[in-house]
Every structure is written in structure tokens, then in C-alpha cells.
């Protein structure tokens, strides 16, 4: 028919449709593109042209053609839906959402648009709205495994873990090889501390899909929580074999090695993660972060005679190990004995680091551009995965367990960080930590502190309830204060002193004392925290 009449729009449309359905999209695109040039006012033909462009991944061109079709006939629900899919593929999620909304407005029962809108809402962190849409989807198609899985993700985001678990199980019942549902089910079970069941689900996920790097990572986390460290490390190595720069795999491999007592090897993985990190993202710089970076640039320029650009990639000072001891000894185990007899469990240690270790570690903190995490309290954080895991800190972490066996012998290193503060901001709010024992020590000279009776730490004589989750005891300051008031808890104030360490039970609520330090880069209060062991409620 087209050979006899190349201008026959219906023939071009139908032949293009048949060729596309027969698996010949390139031939279909050639025919429909030619016809669309002739019939620029045929909305149906333009809609098919846009769809074929989309299938060939010419997304921008497809959207332009869809727009032309919709100008001619804005009632085409399917075209609005396909346009939304193209926008979604380009990462333009808000625009895609608008397009799916239009599809449902023009064709209220459009099943594809309803499902697609739900997936976009989920990606936009609008879990409650996504849940409403996914609920409609599974009501219409009860055996739609992918919708049950995504509905479970929405419920998980809303903290409804039991309901999420039920939805993931439904998805698996309809599709036993659904690797994402198996993975998500394992993650939720692990969050619920049902590690044995989580392990089984994650093992099924990687059996179904051996190249599923994220599932290998979570399987490793589960094994680590079960204290099966060699298997946990092997699982992270499987993830890294698939994706050598996988950030979560590197981080959890580091954590696994540290918790198994192989601290130096663990820090090497943190070093790999810091080296592989992309150029640092700087969305909105806080005023105290901008001030710190300006002061550090001036300080480094004065030290080196060269301009130091804080926008550059990772730069660190000398954080190598020191010859001899990094921590001063505990004569006759006096500090360990004080720990055992203290209630609440708090010990204060002055002259904590040896002079060589103290000077080198302080210089590392001053010279290194690793203070990337900005907090509202006016302080900055340096994390091991961002370059803070230097060999000297590994040496300190190792020696702590040997110098204070009565405190730390049963508790391996769990995590660490550094904080650097503005001269008079509020510091860290009331909280407890996810560990068994905190080791906190300070590096700034005493003359920087304008009030020798404060500037340190306030530790309360009450522990976070074991049934509280991390978000509550570490993030809900008002709930913590209300609890302390109900308990009639009393604070123990430890004033700031240079090279002073405070070791205490991590379950005890604590906060930074009032800070009044001199202005200037060298006067910034610096503290380092090492967490050992697991909180009682976290032990499996």
C-alpha cells in the first residue's frame, strides 16, 4: 500500500507498529519518521514516532516529538505516560511525575501510569503517596510481584517493618526468584535483628543473582553482626570483585577487619575508600565550614609557602606510626581497676598520649583536609572513610586494648571519628552511642580554653534504655532529656584539658559542655572518639 501511496498515514502507522512488535525497531523508525515528516499534524503517528525514538534511546528527541503530538491532541493518556517514562530515564523526576499525573487525568484508569507514578513518588522520598498508589496497583493485579516489592519499600521507608516484611514475602511467593524482594526482605529482617532469617534471604538473593553486589554487601553485614568475620570479609570481597570501588563494601570490609582485631588492615580499606572517593560534593556550605576552610588555607599557605586549595581532592598530613609507644602506660593497672569499681563507669586519664604521638596526631589534624562533615552545632567531623583513618590512629586503637585490658579486652574497635569546633558554638547535643565503651580525648592546648572549668564533657549517670533504637537515643534530644528528668539523673562534668582522655560506658547519655575557646585556627577545640564493642542490645 505504501509503495503505491507513500502518503498513506494509516499504512505507515500500522506497518511501523507491526515491525516494532516483530522486533525490527530500526525499520519501523525509518518508515514512521518519513511518514511523520509528511503528516506533521497526525497526533497518533507522532506518538508512535516518539515511542520508537524512546525505544532507540533517543530520549530528548522523543520528548520533543511527544510534545508535538500532545499539542495536537492533549487527551492521549498513553502518550503522556510514555513521555513520563522518557523523562524518568533522563532523571527528570519531577517533570516525569507531572507527565504521569496528566496521563491519569486524561485516562483515569491507566494502570501503567498509576504504577509509574508510584515508582517516581518512591524515588522522590514521598513514601506515603507512593504507598497509596501501589495499594491501588496490587488491588487491581494481586499477583504483581514487582508492585508488592515496591510497596514493601514504601512501608520500610515509613518505618512499618512488619508490614514491609509481609509485602516482600508476598512478592517472593508470586516470584520465588525475585532477587530484589529477597534482598529487601533480608535487609528488613536484619534491621529487626532477626539475623539468621536475614542471612537465609540474602543467601537466596545472591544464589539467584550472583552479580548482585549490594546483596553481597548486606550479606557481609549480616555475617559480621553474627560475628562470622571471615565469611563476612569474603562476602565484601565478592562485592568488590564485582565493583572494585563499591563504597559500602569497602567501608564494611574495613569495619569487619577492625572488629576482628585486624585494625591496621581495616584502616587500609578505609584508605582505599578515601582514595577512590569522587570530588567532594559541596551542596550548601555552612558558615562555620567556610570559616574553617579559609583559616586552614591561610595556615597551610603559611606553613608551606604555597596556596592551599581546599577544593582539591584528599590531602593529608603525616599520620604515620610513631616509634615506641603512642599511649602512656597504666602503672599496675590502676586505671583498669578504677573502671571496674566505678559507678557510673567513667574514668579520666591525663597525659593520655606520649609526647611524640600527641604532637604528630595534632599536626595531622591541623594539616589534613578531611574535615568534611558539617553539623548544626558549629562543629565539623572527620570520618575514617573520608581520610581520617591514618596509621597513627590505628596504633592508638591497638595500644588502647593492650594498655587497658580491664576496660577493652573484650571489646574490639567498632568505629572512630574526629570533631573540630568553632570557638563558642554549642557542640554535640545530648545522646548515647552505638557501642559498649567510648574513648574520647582532646588535642588543643589548654591556653586556647577561656574557661578551664568547662569546655569538656558532661556524662549523665543514666543509660539509654535497651529497647530504644538508634534514632531515638542518638537523635531525639528531647526524648533523652525527658528520660533523664524522669529518672532523676545527675550529670558528671569533666572539664577540658589538653591530652586528657575520658573513657565511659557508651550507653550513658552525654553531651559537649559549654565551649568558650579563643578565635583562630590553632585554637579550635579538637577531640577524637573511638568506639569499642557493641551496645548490649546490638549483640546477636
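Quick note: the coordinates plus some simple rules give every number you see, no bench work behind them. Keep in mind it's a predicted model, so treat the numbers as computed, not measured. No Cβ is skipped: glycine too gets one built from the backbone with ideal geometry, and neighbour counts run over all protein chains shown.
Using the number of other C-beta atoms within 10 angstrom as an exposure proxy, rank 498, 390 with the fewest first.
498, 390
Please give the direction-averaged projected area of the C-alpha convex hull for the range 211-275, in square nanometres with one decimal. Don't jump to the answer; show the numbers that get you there.
On the way: hull surface 14.1 nm².
Its average projected convex-hull area is 3.5 nm².
If the convex hull of the alpha-carbon atoms of the range 313-410 is projected onto planes in all directions, what is the mean projected area in square nanometres? Could the numbers behind the result be given before it?
Values: hull surface 31.8 nm².
Average projection, Cα convex hull of the range 313-410: 8.0 nm².
How would you order 246-258, 393-405 from highest to lowest mean count of nearby Cβ atoms within 10 Å? Walk me through the intermediate numbers first.
Working: 246-258: 23.4, 393-405: 20.5.
My ranking of the peptides, most packed first, is 246-258, 393-405.
Need the C-alpha centroid separation for the range 461-484 versus the range 144-167, integer Å.
If you average the Cα positions of each part, the centres end up 28 Å apart.
Any idea how far the Cα center of the range 315-362 sits from the one of the range 31-99, in Å?
67
At 222 nm, what helix-only mean residue ellipticity would the chain give, in deg cm²/dmol to the nearest 500, using -39500 (n - 2.57) for each DSSP H run of four or more? Kindly include the intermediate steps, with their values, before the conclusion.
Working: 23 runs with 289 residues, N = 540.
About -17000 deg cm²/dmol.
Normalised by the number of residues in the chain, what is the relative contact order in percent for Cα pairs under 8 Å and 6+ residues apart? Don't skip to the answer; put the middle values down first.
Numbers: 970 pairs, mean separation 51.0, N = 540.
The value is 9 percent.
Roughly how tilted is helix 229-242, in degrees to the nearest 10 and between 0 and 90, from the longest Cα axis of the chain?
That works out to roughly 40 degrees.
Treating the angle as unsigned and between 0 and 90°, give the value, to the nearest 10°, between the Cα long axis of helix 93-106 and the longest Cα principal axis of the chain.
Tilt of helix 93-106: around 40 degrees.
For the range 167-227, rounded, prolate or oblate, judged on the Cα gyration tensor with a ≥ b ≥ c (square roots of eigenvalues), a/c < 1.5 rounded, else prolate if a/b > b/c? Numbers along the way, then the final one.
Working: a/c = 2.35, a/b = 1.31, b/c = 1.79.
It comes out oblate by the Cα gyration axes.
Can you give the FRET efficiency to the nearest 0.05 for residue 44 and residue 4, using r as the Cβ-Cβ distance and R₀ = 22 Å?
0.55
Could you give the angle, 0 to 90 degrees to the nearest 10, between helix 59-72's Cα long axis and the longest principal axis of the Cα atoms of the chain?
50
Would you mind calculating the gained length between residue 174 and residue 373 on full extension (0.36 nm times residue separation, minus the Cα-Cα distance), in nm to one decimal? Please report the intermediate quantities before stating the final value.
Numbers: separation 199, 0.36 × 199 = 71.64 nm, distance 4.36 nm.
Taking 0.36 nm per residue and subtracting the Cα distance, the gain is 67.3 nm.
Need the full-extension length gain, residue 157 to residue 55, defined as separation in residues times 0.36 nm minus the C-alpha distance. One decimal, nm. Please list the in-between numbers first.
Details: separation 102, 0.36 × 102 = 36.72 nm, distance 3.22 nm.
Here the segment from residue 157 to residue 55 would lengthen by 33.5 nm.
Return 534, 185 ranked ascending by Cβ neighbour count within 10 Å, so the fewest neighbours appear first. Don't jump to the answer; show the numbers that get you there.
Details: 534 19, 185 28.
So the ranking, lowest neighbour count to highest, is 534, 185.
Within the range 286-303, name every residue whose backbone N is under 16 Å away from a label modeled 7 Å from Cα of residue 318 along the Cβ vector.
303
Between residue 92 and residue 27, what is 0.36 nm times their sequence separation minus the Cα-Cα distance? Round to one decimal in nm.
On the way: separation 65, 0.36 × 65 = 23.40 nm, distance 2.94 nm.
Contour length minus the Cα-Cα distance gives 20.5 nm.
With viscosity set to 0.890 mPa s at 25 °C, what whole-number translational diffusion coefficient in µm²/s follows for the range 1-57 from Stokes-Einstein and a Kirkwood radius over Cα pairs? Could you put the intermediate results ahead of the total?
On the way: Rh = 10.9 Å.
Reported coefficient: 226 µm²/s.
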